[in-house]
Amino acid sequence: MKRKRVAELFLEECPNCGAPREKKESACKYCGTSLTVSQLVEEDLESFCPTVTEANIRIAKENEHRDPDIYSRAYPGEKCTRELTSVRVILCFFLTVPILIGLFALSFEADGSGLAEGGGIALGFALLLAVVLVSLLGLTFFVGKQAKEADAAMASSRNYRAVIVQVRAKVMDPGNVIYRPIKVVADIDGKDTCIMLRADSASDIMCANFYPIGGEVEIAGCGKYYLFRKDVAKYNL
């Protein structure tokens, strides 16, 4: 089966001033011209679908109600990092709001204008809002740290054959990270292991194609960090 999608490609030099693209920039550092172009591509969808066999279906049924031995802490790293960066910028922007409210409230206290009670309420609201925003900001850094640790685990790990046992509904974690919990069983260094993974959130319509029960996949990781080796996020179904 074929499907078409719009792929985002990067130019190696600026089409406006001719400057070379540096690092992973999406815009020219000299003139600000976008270095991304969109292209319609056709790809073979079946090549991304895990193989399902009768033997693997039996394995899936036998382990359907099994409690996971490992709840993976790894998020799909690259996607997570990009989204968290945007969330942090937004949170930092809104953090200026309680700061301005606090300064406004303190100004009433300082000039003795008779609005001390109202200023106190405004200051309390500003402090509460600031605590909430700072807490959310801290959560995004915590999730980002886990993503980096997951990347390190992927880089130092070999592949393991796994069978998909259970697929759950999408979940949104702090930092606006959306993923789909998927339970698999795998032979990890000679030990039969059940792992609950955080996988890229394929749409409900295409989920059965990407994550079929009894599907044979490859995972990678170590310790508490495991992910599917194949990144299905780029297909964005």
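The values are calculated or read from the model by the stated rules, or taken from the named source; none is laboratory data. Worth saying up front: this structure is predicted, and the values here are computed from it rather than measured. Reconstructed Cβ throughout: ideal geometry from the backbone, glycine too, with neighbour counts over all protein chains shown. Quick note on the areas: whole protein, heavy atoms, side chains included, nothing else; ligands and nucleic acids left out. Shrake-Rupley method; radii C 1.70, N 1.55, O 1.52, S 1.80 Å.
Give the number of residues within the stretch 175-188 that are open to solvent by 30 Å² or more (accessible area, probe 1.4 Å) and farther than 16 Å from Arg229 by Cβ.
Qualifying residue count, the stretch 175-188: 2.
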Mind listing just one residue for me: the one in the stretch 152-174 that is in a helix (DSSP H, G or I) and open to solvent by less than 70 Å² (accessible area, probe 1.4 Å) and, of those, modelled with the highest pLDDT? Ala152
Regarding the stretch 203-211, can at least one residue be identified that is under 30 Å from Gly138 (Cβ atoms), outside any strand (DSSP E or B), in contact (Cβ under 8 Å) with a residue 60 or more places away in the chain and open to solvent by less than 20 Å² (accessible area, probe 1.4 Å)? no
(1) among the basic types (Lys, Arg); (2) at pLDDT 85 or above; (3) open to solvent by 90 Å² or more (accessible area, probe 1.4 Å): which one isn't true of Arg198, the others all being true? (3)
For the stretch 67-125, give me the residue count where each residue is modelled with pLDDT under 70, more than 24 Å from the chain's Cα centre (by Cα) and under 30 Å from Thr193 (Cα atoms). 0
